[in-house]
Amino acid sequence: MMRKEKAYAKVNLALDVLRKRPDGYHEVRMIMQTVDICDELTFEKTKEPGITLWIEGADLPADTDNLAYRAAALVLEEKKIREGVRITLKKRIPIAAGMAGGSADAAAVLRGMNELFALGYSTKELQMLGVRLGADIPYCVQGGTMLSEGIGEILTPLSTPPACHLVVAKPDINVSTAFVYGHLQADSLPFHPDIDGMVHALAAGSLKGITDRMGNVLETVTVQEYPIVGQLKKLMCGMGAENALMSGSGPTVFGVYTDQGKARETAAVIEEKKLAGAVFVTSFCRA
Ligand code: ATP
């Protein structure tokens, strides 16, 4: 029997950091949103024990350095499973992009193995397993539109935004999440996005209410270090986006459009000027 799962990427419609905790973690408030860009995974049982991970479309480690592998190992160990699992991962989500690609894969492995081995974990239980591997994984278990608080483990489902079009552009630079959080002046941020206002705008179904409140405090570090991020935002806003923002710790920038034609034109210009190695015209989705 073979199981299949899709692992969807996310963007942050808003990302705020409240403080750095004494243990080094940052306390965040983020609005997470699934976008229609996904990796595909398949799962099969094998008689011989252990994990085989086969990756297509990316040069990534296929061992314990891979979050998908780590998630599989965690499940096999927790449930003392004697059989093995063969996982294929077709990678499409840009890597180290601020789109939670690795976390989405890990969450898909948790869901897929729960079904494959009929383990009977509840969603909540999968989320509690996932948080041991990464703060974004509990969100990725369910996806959709969520308020994420604490270090990412306190989740509140929100209304899906109204239909619109997105340009998602990942410039050809690698940004380390650790570098960005390490350089963030969490106690003296120049602004805080209006997260409560955005929650209300989502409930009211107001796209303008949402786009007016898009904000990400991590831009204070990344835009300064990598001017291309600011350049992409400016280009999108100049070409008809309601607003544009960096996702997570970057460097991916997404623009929100009401007009699909303008979104397509913007993507074409980004490709033509080679401002980003990966460019998508896509939309929000429920996962
Ligand atoms: P986040 O938004 O959670 O910070 P990200 O999109 O910035 O995530 P990922 O694509 O998840 O970053 O990858 C970050 C690092 O994790 C990469 O440098 C990569 O080597 C490693 N990694 C481990 N497993 C995976 C995986 N399954 N997919 C992608 N990257 C992985």
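The values are calculated or read from the model by the stated rules, or taken from the named source; none is laboratory data. This one's a predicted model, so the numbers in the text were calculated from it and none came from an experiment. Here the Cβ positions follow ideal geometry from the backbone for every residue, glycine too, while neighbour counts run over all protein chains shown. The accessibility values were calculated without ligands, DNA or RNA, using every heavy atom of the protein model including side chains. Shrake-Rupley method; radii C 1.70, N 1.55, O 1.52, S 1.80 Å.
Numbers for the structure displayed
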quantity: Boolean, residue 180 is in a helix (DSSP H, G or I) and either modelled with pLDDT under 95 or within 14 Å of the ligand (Cβ to nearest atom) (or both); calculated: yes
quantity: Count - residues of segment 250-287 that are in a loop (DSSP other than H, G, I, E, B), within 29 Å of residue 184 (Cβ to Cβ) and open to solvent by 10 Å² or more (accessible area, probe 1.4 Å); calculated: 4
quantity: Close pairs (7 angstrom Cβ cut-off, 6 or more residues apart or separate chains): closer than 9 Å to residue 38 by Cβ in segment 3-16, polar (S, T, N, Q) and part of a strand (DSSP E or B) anywhere; calculated: 8/34
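A quick yes/no check of all residues on (1) away from the ligand (no atom under 13 Å from the Cβ); (2) buried (at least 23 other Cβ atoms within 10 Å of the Cβ); (3) within 30 Å of residue 188 (Cα to Cα):
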residue	(1), (2), (3)
6	yes, no, no
12	no, yes, yes
21	yes, no, yes
26	no, no, yes
31	yes, yes, yes
68	no, yes, no
77	yes, no, no
82	yes, no, no
98	no, yes, yes
